[in-house]
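The values are calculated or read from the model by the stated rules, or taken from the named source; none is laboratory data. Remember, predicted model here, so these are calculated numbers, not experimental data. Glycine gets a Cβ as well: all are built from the backbone with ideal geometry, and neighbour counts include every protein chain shown.
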2 protein chains.
Amino acid sequence: MADRAPLDKLLRPRSIAVVGASEQMNYGGRMMNNLITHGYAGSLYPINPKRDAIFGRKAYSTLLDVPDEIDLAVVIVKAELVEAILRECEEKRVGAVLIISAGFREQGTEEGILREHMVKAWSERTGIPVCGPNCLGVANSAIRMWANSASSLGDGPLPTGSVGLISHSGATAFGPLLNRSKDHGLGYRYIVTTGNEAALRMTDVADYMLDDPDIKALCLFIEGIKDGQAFIRLADKALRLGKPLIALKIGESEIGRMAAASHTASMTGNQEVFAALCRQKGVLLAKDYDECIQLAMCCQYGKPLMGDKIVVLSHSGGIGGFVGDKLGMHGLQVPPLARRTTDTIGQVAQGLASVRNPLDLSGTMQTEQLLDIVRVLDEQEEADAYVFATHGKSPLINRLHQIDKMTAKPVYLLWTSSQEDPLLQEVRNHGIPLFFLPDKLAATLSHLQQFRQRTRQGSEEITPHLAEEPPSGIPLDAAAAVTLNEHEGKRLLGAWGIATPDRWYFSREEAIREKVKQIDFAQAPFVAKIVSSTITHKSDHGGVLLGVSQPEEVIQFFQAHAQQEEVEGILLEAMVKDKIELILGSTNDPQFGPVVMVGLGGIYTELFKLVTWRIAPLSKREALRMLEEIPGLLPYLQGFRNMPKRDVDSLIETISTFSQWVYRERDRIESVEINPLAVLLEGRGTMALDCVIQRKLPLT
Amino acid sequence: MADRAPLDKLLRPRSIAVVGASEQMNYGGRMMNNLITHGYAGSLYPINPKRDAIFGRKAYSTLLDVPDEIDLAVVIVKAELVEAILRECEEKRVGAVLIISAGFREQGTEEGILREHMVKAWSERTGIPVCGPNCLGVANSAIRMWANSASSLGDGPLPTGSVGLISHSGATAFGPLLNRSKDHGLGYRYIVTTGNEAALRMTDVADYMLDDPDIKALCLFIEGIKDGQAFIRLADKALRLGKPLIALKIGESEIGRMAAASHTASMTGNQEVFAALCRQKGVLLAKDYDECIQLAMCCQYGKPLMGDKIVVLSHSGGIGGFVGDKLGMHGLQVPPLARRTTDTIGQVAQGLASVRNPLDLSGTMQTEQLLDIVRVLDEQEEADAYVFATHGKSPLINRLHQIDKMTAKPVYLLWTSSQEDPLLQEVRNHGIPLFFLPDKLAATLSHLQQFRQRTRQGSEEITPHLAEEPPSGIPLDAAAAVTLNEHEGKRLLGAWGIATPDRWYFSREEAIREKVKQIDFAQAPFVAKIVSSTITHKSDHGGVLLGVSQPEEVIQFFQAHAQQEEVEGILLEAMVKDKIELILGSTNDPQFGPVVMVGLGGIYTELFKLVTWRIAPLSKREALRMLEEIPGLLPYLQGFRNMPKRDVDSLIETISTFSQWVYRERDRIESVEINPLAVLLEGRGTMALDCVIQRKLPLT
């Protein structure tokens, strides 16, 4: 589906047929109207057996009657007629199909689901890409092709630009995301609404757009991700190309998840997993429409933000201070200016209220001196970017345009007057990124800065730590229990290179007295534990005995428990001291595959949620980033106050190894929980003290 | 200063003299222009010795020449002339003074500071209120008095309303907060910029406005709070009256703090303390300009939000779902509709995409049926509020107006098209709260809901737990050390009703062997600790011995440590088992007085920051709210998994008692840290296991 030519037919068609064209302002009429009003220059063929002409264009009874090749067939007929139209499309050998019609999987009926399967199968068989069904259409602003049934496009000119927009929701793309983009001077080069994604998916379209040299960033409105691995590949590609994916995602709360599930029948993933993926792969997760648009605008603008040092220039100390405050809260720098800079600015603009960053320029903000001040700042290399926080009249806006041309640094305008000021059109004409709220400005710059850092780190080589061949003799795909008991689990971990304590296992049938004799009790104290694949919280069942130092204690413990039905044996282990206990786990996410979780162990995991996630596999650098993400964890491991240092290097390697293992075994392992994972003193490694491993059940 | 009449002269003057009036567009000219253009109907006297008339009004050489009483004298002259003008004000017996002039404390010069002291002293001596200096002026929109030097008011009509705005920053008040308020249909009844607050403070003005029956809420742009106790009283009053204080505060990051300090020379408080105060007193802390304005708009609107159940109606599943998602993330409910409701709506509007909440009404959103649908929802009492997320034309907006009149529930509009749509003026005319971003809508409704819950709880009676008389014999104001040692500290805690373990103290001079004989070692194990007012981290110095069970161990420990210079004695204490360790502390904030901190003890306090704050004193209910605020803490105390329940009731009482104590002793105690505070098993209370108390040093 990532083949270029077929999507060219969808997004750069030389001819379009609209099956179900109309002059009424229904979906078919709006499609025609939008194509004509906005000046589509290719051939346009309305298909409607009941009319001779539609909006002055000759109408044809069927696709087959059109005396021309058809690149794009738009289908806007009742759902039950779609199959017949597709047959005509095949016969006519159209280049691509866009199905606006609803009445498919989103209905929740068996009929609708079958219809959707039909569309999918048809596209696979014919190799003709299908966008939709149940979508609102597409656009390519560069060729003025607005092939969509949106009711809110208006008649005015629609700007083009260098950002692509792909959305599961048509009303969101052609509603707030398009209309607000005009408020900010952003233009979308392409808009594609993918609807139910019977065949063509958001990831396919995004992949196509990323290859376009004119595209600088993509906006994605996501209701649910169907192919997590494709999304991961897409994010990796975007990062490699330095073209941000800017995501708005529905399903952050239970409510949103339900709504998304109902209306495009998508499965929305666990938001924590998605947020982790975004951090991991540099996807910019926007909080709201405006953040998405402003991020896109900054990418379209063309001057990238190359650092975190911001100089704020304002006519007011209160406004500049508030902006500086928000920048600081979002992790950016508003650094003090060098003495030489402040002296020079002081000479250039006498009587300034405050020659410090944020600069309170008072009335000087509206004078020619503003250029001189920026020139000084530029010469002294004080900033990676300038934020002008002010209102004004045309002279100020022209001056900002001059400044923008003069300096290589990005210039951002925070407009402090009405959002409806007609002057703003001038700002938009100059293409300077426009903001209205200090907090949103700061959030946007922070996102850009994070993306830059992420791209600078380059591609993440994952050093293989795993044995080439999986170890043999481990009861994973045998007729073993769904949950491996601790003894089996630790054998498996050990075989894959994750350290476990020295231990002795006594199955319930064994002659305990004989075996205990072979143990060197000089290694004591030991811990004795019951082994069971059904009892997971052993302590709660009295199944753990600490500080064992005599053979007789082991025998007594064995005799007390080995009779129990659920107990398969007992384990005697060397007790591990001087440790910090973490949790290291994985679950197999239906969309993204194995997801790795790291956090503080014990009650702190569940109660205080000091944990974080990543998609497997992980590089060591990414493992370190996980540790950095949990506030306080790294200082704790590195020796807080007079505490000793722990083996952080080994921990990082353990996490990376673990992630590679669960990734490689993703078809056989459902979940793993190593809890606790002991992080030992520096140089002594890590050790899995307990674990619960669940096999993946084959689909029946 | 909270006397009503003088502020009437500032905000409802029948006559205004402008000293330094001008026809040039400087501060004096803009003041005149704003007063005249916006139609101030009282008497207006320009004072300028060089001119006969200004903007057609007869000018006078001095205030004393004006043949009329002057309610408000506006002073816009060079700073060095202000003193002479104030003398004239006194002689003329003006009602109030507004000083626009800069050149006072904000300059940072001794001269400026002295000048500011002069203004303050003059106001105190004469009893005449002074607003400013270094402010931009005031407004009372109801009488069209725009007595300010703002350059951005424009010529158009300025709406009035039922919200007061008080700001330390003039450019913020008359800039974004005024101009954006028009974008949302909000009107400010009063605007006061207080500048340097030489005399009149934000809290004085706010107190005056709260008494006005026309005022429904106050917006405060705060650069720094000068009198914390006055702010606390103000917040209490606002809560009692059910009129929210909506705060925007600068100084959330170090950068903002520095900027605020530089330009109005304010001390900005610790943001964590201020945020805690807001939670405690129901102050709504807005994140940005728009949140402040939208909260104010919802208050002006007049229909309060009486619950958290929201029904969302939209033309799009994607948009409605996104809105529902954000509402859910902000803690609001988007509940499923009752079967009877969905059935009835299904009959009313056939062919709906989804009769569930959020309602995806598709094209029905633009029809008359919308009224019928809301009527059904209203009859079935499905919602506490309706959110309409859509765009549209005049008919939709008229219909929303009809719906707003029809239902007693609040109606909110999330506009999904351009923010510059001229249709929005119709929405504003109807007074329906208008939003543009789902996340901001949700944040606003969440704030309103929190305020409602806070006011419903009513006034917080603090049950006195303290002894009437402070205990005698405790070395607090004696010639004791600045830091009380553990022995003294525990005596003090015990005297005020905070439990401590059984213990024996041996000063370094004592005959240890004799005293130890009197101890019943059946109570062992004990812990032995060195006592020192200089060594605070005893364990780090080997000064703690756990599990002491023999007299000889005590004697050895004593002998090993009692010779050390810094050791004053040793303490033998009963060891406390079965506990959860918290931290309970207080510091004396320069603005708000004693601030109480509660959190998880040990390393968790410093590393993981599982702590929260409140201003003392606290009711028991507020103490409980502190515990609720730390995620996971209450479940942990109440018996997570198979852990035993702890004495939460006693903990709450301890926190409240502690808060009353540090409040009462605020002039003598600088800080207290009880770490750990042991929370024992249910019914067994709490116990301070260690403490560091610092006396407050008298100002020299």
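The residue that is nearest to the chain's Cα centre (by Cα), among those in region B:155-187 that are at the interface with chain A (Cβ under 9 Å from one of its Cβ atoms) and in a loop (DSSP other than H, G, I, E, B), is B:His168.
Condition test on B:Pro133, is it within 30 Å of B:Glu90 (Cβ to Cβ) and either free of Cβ contacts under 8 Å to residues at least 24 places away in the same chain or in contact with a Ser or Thr (Cβ under 7 Å, 6 or more places away or on another chain) (or both)? Against the criterion (within 30 Å of B:Glu90 (Cβ to Cβ) and either free of Cβ contacts under 8 Å to residues at least 24 places away in the same chain or in contact with a Ser or Thr (Cβ under 7 Å, 6 or more places away or on another chain) (or both)), B:Pro133 qualifies.
Can you spot a residue in region B:681-688 that is among the hydroxyl-bearing types (Ser, Thr, Tyr), within 28 Å of B:Ile222 (Cβ to Cβ) and not assigned by TED's automatic domain parsing to the domain that holds B:Thr203? No; the residues of region B:681-688 include none that is among the hydroxyl-bearing types (Ser, Thr, Tyr), within 28 Å of B:Ile222 (Cβ to Cβ) and not assigned by TED's automatic domain parsing to the domain that holds B:Thr203.
A residue that is closer than 30 Å to B:Leu651 by Cα, touching a residue at least 40 places away in the same chain (Cβ under 8 Å), among the hydroxyl-bearing types (Ser, Thr, Tyr) and not assigned by TED's automatic domain parsing to the domain that holds B:Cys691 cannot be found anywhere in region B:507-514.
Any chance you could count how many residues in region A:139-154 are small (Gly, Ala, Ser) and more than 14 Å from chain B (Cβ to nearest Cβ)?
Pass one, region A:139-154, residues small (Gly, Ala, Ser): A:139, A:141-142, A:147, A:149-152, A:154.
Now narrow it down to the ones that are more than 14 Å from chain B (Cβ to nearest Cβ): A:139, A:141-142, A:147.
Total meeting the criteria: 4.
Filtered by the rule that a residue be of a type in the set (A, V, I, L, M, F, W, C) and under 36 Å from the mean Cα position of the chain (by Cα), region A:318-359 gives A:Ile319, A:Phe322, A:Val323, A:Leu327, A:Met329, A:Leu332, A:Val334. Listed by first and then second residue, the pairs linking a residue in region A:532-548 that is more than 18 Å from A:Leu572 (Cβ to Cβ) to a residue that is crowded, with 16+ Cβ neighbours inside 10 Å, with Cβ atoms under 7 Å apart and 6 or more places separating them unless they lie on different chains, are A:Ser533/A:Thr483; A:Ser533/A:Leu484; A:Ser533/A:Asn485; A:Ser533/A:Glu568; A:Thr536/A:Val692. A single entry from A:Glu124, A:Glu83 fulfils the requirement of being in contact (Cβ under 8 Å) with a residue 40 or more places away in the chain and assigned to a helix (DSSP H, G or I): A:Glu124.
Restricting the first member to region B:306-327 and to residues that are under 22 Å from A:Leu220 (Cβ atoms), and the second to residues that are charged (D, E, K, R) and part of a helix (DSSP H, G or I), the beta-carbon pairs closer than 7 Å and six or more apart or on different chains are B:Lys326/B:Asp439.
Scanning region A:428-453 for residues that are buried (at least 21 other Cβ atoms within 10 Å of the Cβ) and under 21 Å from A:Gln369 (Cβ atoms) returns a single hit, A:Ile432.
For every residue, the table says whether it meets (1) touching a Pro at 6+ places or on another chain (Cβ under 9 Å); (2) at pLDDT below 90; (3) among the basic types (Lys, Arg); (4) exposed (fewer than 15 other Cβ atoms within 10 Å of the Cβ).
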position	(1), (2), (3), (4)
A:Gly543	no, yes, no, no
A:Ser549	yes, no, no, yes
A:Lys579	yes, no, yes, no
A:Lys609	yes, yes, yes, yes
A:Leu634	no, no, no, no
A:Val648	no, no, no, no
A:Thr654	no, no, no, no
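Of the helices (runs of 4 or more DSSP H) that lie entirely inside region B:243-347, those containing 2 or more residues that are within 12 Å of chain A (Cβ to nearest Cβ), modelled with pLDDT under 95 and surrounded by 22 or more Cβ atoms within 10 Å (Cβ to Cβ) span B:254-263, B:317-329. If I filter region A:158-166 for residues that are crowded, with 17+ Cβ neighbours inside 10 Å and closer than 18 Å to B:Gly318 by Cα, do I get at least one hit? Yes, region A:158-166 contains a residue that is crowded, with 17+ Cβ neighbours inside 10 Å and closer than 18 Å to B:Gly318 by Cα.
Each row is one residue, and each column tells you yes or no for (1) surrounded by fewer than 21 Cβ atoms within 10 Å (Cβ to Cβ); (2) modelled with pLDDT of 95 or more; (3) within 14 Å of chain B (Cβ to nearest Cβ).
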site	(1), (2), (3)
A:Leu618	no, no, no
A:Asn642	yes, no, yes
A:Leu651	no, yes, no
A:Phe658	no, yes, no
A:Ile669	no, no, no
A:Ala688	no, yes, no
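Residues that are within 12 Å of chain A (Cβ to nearest Cβ) and outside any helix (DSSP H, G or I) within region B:424-442 comprise B:Leu434, B:Phe435, B:Phe436, B:Leu437, listed in sequence order.
Considering region B:188-228, and only residues there that are within 14 Å of chain A (Cβ to nearest Cβ) and outside any strand (DSSP E or B), the residue that is surrounded by the fewest Cβ atoms within 10 Å (Cβ to Cβ) turns out to be B:Gly224.
How about region B:535-560: which of its residues are part of a helix (DSSP H, G or I) and of a type outside the set (S, T, N, Q)? Quick ask: steps written out before the conclusion?
Let us first name the residues in region B:535-560 that are part of a helix (DSSP H, G or I), namely B:539-541, B:551-560.
Within region B:535-560, B:Asp540, B:His541, B:Pro551, B:Glu552, B:Glu553, B:Val554, B:Ile555, B:Phe557, B:Phe558, B:Ala560 meet the criteria.
Annotation: A:Met597 fulfils all but one of (1) free of Cβ contacts under 8 Å to residues at least 60 places away in the same chain; (2) in a strand (DSSP E or B); (3) within 14 Å of chain B (Cβ to nearest Cβ); the unmet one is (3). Looking only at residues of region A:390-415 that are modelled with pLDDT under 95 and outside any helix (DSSP H, G or I), we find that the one that is nearest to the other protein chains (Cβ to nearest Cβ) is A:His391.
Scanning region B:562-582 for residues that are farther than 19 Å from B:Ile535 by Cα and part of a strand (DSSP E or B) yields B:Ala574, B:Ile580, B:Glu581, B:Leu582. Tallying residues that are modelled with pLDDT of 95 or more and part of a helix (DSSP H, G or I) within region B:87-109 yields 6. Take the conditions (1) away from every other protein chain (no Cβ under 14 Å); (2) surrounded by fewer than 17 Cβ atoms within 10 Å (Cβ to Cβ); (3) touching a residue at least 12 places away in the same chain (Cβ under 8 Å); B:Ala385 misses just one of them, which is (2).
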